[in-house]
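Everything on this sheet refers to the single structure shown next.
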């Protein structure tokens, strides 16, 4: 009986694939975004959306100012263990005067520093991928996530960001692309919003003019 039911289902799937159903609303297909960009600059749009979702945003005119702000933040929080696995990013920070030593293990760090692929202005999101040396886990496991980004990484919508990633990676498109929008949150428990349950409790984004 079980085999008969399975065969019936498979037969229906084969029939459906042989005679695909046309798209009911063909006019809805296309690459045009339904969201119109606002009149604000992308930097302003991103900052407003990111901070509205409890992210902590800071604009830096150059990498030297970034290092100054990072050192101030580290001193205020009394962090002693920072983690960064992206060699190029670490080199840029070092060349700008950042001399803080990094921890060996993300599981015991105070905060993790990563770059990003893109910033989405419309949603205040950071686009991260498995192609980054930080991999899949750094921005999730660390109690605090610090993202270093540049103004030329800003795009308006998610579709713009994905299209630029396709152009950049071609056939080597990352196996994972994810959006990080502020600290993790859930309202599963009695519909009460709780921040930092299954991810970082704080997310910082330092945006550098370039």
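The values are calculated or read from the model by the stated rules, or taken from the named source; none is laboratory data. For clarity, every value in this text was computed on a predicted model and none was experimentally measured. Heads up, the Cβs are rebuilt from the backbone with ideal geometry, glycines too, and the neighbour counts pull from every protein chain shown.
Screening region 1-91 for helices (runs of 4 or more DSSP H) wholly inside it with 3 or more residues that are modelled with pLDDT under 90 returns the ranges 2-18. Screening region 127-146 for residues that are within 19 Å of residue 46 (Cβ to Cβ) and in contact with a helix residue (DSSP H, G or I) (Cβ under 8 Å, 6 or more places away or on another chain) and picking the one that is surrounded by the fewest Cβ atoms within 10 Å (Cβ to Cβ) gives 129. Scanning region 92-106 for residues that are touching a residue at least 24 places away in the same chain (Cβ under 8 Å) and in a loop (DSSP other than H, G, I, E, B) gives 96, 97, 98, 100. Scanning region 114-159 for residues that are without any contact (Cβ under 8 Å) to a residue 40 or more places away in the chain and not in a loop (DSSP other than H, G, I, E, B) yields a count of 4.
Residues of region 157-180 that are within 25 Å of residue 63 (Cβ to Cβ) and modelled with pLDDT of 90 or more: 161, 164, 165, 168. Residues in region 86-104 that are within 21 Å of residue 142 (Cα to Cα) and either surrounded by 13 or more Cβ atoms within 10 Å (Cβ to Cβ) or touching a helix residue (DSSP H, G or I) at 6+ places or on another chain (Cβ under 6 Å) (or both): 86, 89, 90, 93, 98, 100, 102, 103. Just to be sure before I move on: is residue 207 assigned to a strand (DSSP E or B), buried (at least 21 other Cβ atoms within 10 Å of the Cβ), at pLDDT 95 or above and touching a helix residue (DSSP H, G or I) at 6+ places or on another chain (Cβ under 6 Å) in the structure I sent? Considered against the rule, which asks whether it is assigned to a strand (DSSP E or B), buried (at least 21 other Cβ atoms within 10 Å of the Cβ), at pLDDT 95 or above and touching a helix residue (DSSP H, G or I) at 6+ places or on another chain (Cβ under 6 Å), residue 207 comes out as no. Contact annotation: residue pairs with Cβ atoms under 6 Å, 6 or more positions apart or on different chains, pairing a residue in region 50-72 that is within 10 Å of residue 204 (Cβ to Cβ) with a partner that is in a helix (DSSP H, G or I), are 57/47; 57/50; 57/51; 58/69.
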